[in-house]
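One structure is given below, encoded as structure tokens.
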Ligand SMILES: NC(=O)c1ccc[n+]([C@@H]2O[C@H](COP(=O)([O-])OP(=O)(O)OC[C@H]3O[C@@H](n4cnc5c(N)ncnc54)[C@H](OP(=O)(O)O)[C@@H]3O)[C@@H](O)[C@H]2O)c1
């Protein structure tokens, strides 16, 4: 029998890539969208890719919408989905000093509380069937915290903690729980996040916020999220998936550096990268000489 998989936030970026990859690999994919118009666009994208994707309306940050969507999904799948990919997410940027409680709550509601709520809705049926999978999309930010994205990192680090606990709790019932930890991929996540930046001009950190615009512009040139879709497919296809999949060279390098580099050194590097620290004159001159000699590539 075809295995059904729900992919939350399947209307763009990683979620769309995952939905199309899974549908192309023979899964019965139900992609969630926040509006009818976005659901329609998702079905059209699936048609263009010559695969079938069914859609359900869902705002993961709204408990009522979530219960309604998973009741509908239970009917569509004859009891409940075989797997869920908790992908829907937002990125709230801003210095810890600048981000107000409401925005913190929305960040945590969407990236952390929602995947746990969805797990509660699908687990009874998975346990009963003694088969099922839950794949949570975290990030390298779930391991490494950085200035000006502290609340996003907190949401992903907490998601990693919850996922680790859930994996052990459900293993005896035949349910496998996997964490995917992508590095940086070219999606709209950060451009959309920048619209949520608080106190843009009046902040004590506005110079760093201006620097972040460049980072977001460069993010458009990042690779497309196909490798993340492949990792999710693997997590859902192999008999014994790994607990975690780090995806992308930057994620793997970041994880190793985080383990090896002394905190003072990594704090310093993150400070320089975000414009909070200025490197000594000698280092700046040496870097400029290197750039002149080898040129930017
Ligand atoms: N891009 C990266 O480099 C990267 C790296 C590591 C991890 N991730 C993670 O990957 C996941 C997908 O991000 P992305 O990069 O693909 O970003 P994206 O292009 O902005 O896509 C985010 C998706 O989540 C949906 N979404 C947001 N809030 C929602 C809500 N309350 N209810 C339902 N759906 C909601 C969006 O739907 P709408 O279109 O309706 O807004 C969209 O479909 C996130 O969890 C993100 O943290 C991304």
The range 45-143: relative contact order in percent, alpha carbon pairs under 8 Å with at least 6 residues between: 33 percent
Between 0 and 90°, nearest 10: helix 13-24 axis offset from the chain longest Cα axis: 40 degrees
Contact order relative to length of the chain, as percent, for alpha carbon pairs under 8 angstrom and 6 or more apart: 17 percent
Ascending count of other beta-carbon atoms within 10 Å, so fewest first, for 268, 245: 268, 245
Relative packing of 155-163, 201-209, 115-123, which averages over residues the other C-beta atoms within 10 Å, highest first: 155-163, 115-123, 201-209
The chain: angle of helix 249-260 to the longest principal axis, Cα-based, in degrees nearest 10: 70 degrees
As computed over the chain, the Cα convex hull volume per residue (Å³): 149 Å³
Distance between the range 178-240 and the range 13-83 - C-alpha centres, whole angstrom: 22 Å
Against the rule of thumb 2.2 N^0.38 Å, how large the Cα Rg of the range 30-179 comes out: 1.11
Rg over Rh, two decimals, the range 1-52 (C-alpha only, Kirkwood Rh): 0.93
With Cα atoms, 0 to 90° folded angle of helix 150-171 axis to the chain main axis: 40 degrees
Computed [θ] at 222 nm, helices only, for the chain once each DSSP H run of length n ≥ 4 contributes -39500 (n - 2.57): -16500 deg cm²/dmol
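Every number in this text was worked out from the coordinates using simple rules, so none of it is lab data. In this text, all values refer to a predicted model and were calculated from it rather than measured experimentally. As a convention, Cβ positions derive from the backbone with ideal geometry for all residues, glycine included, and neighbour counts pool all protein chains shown.
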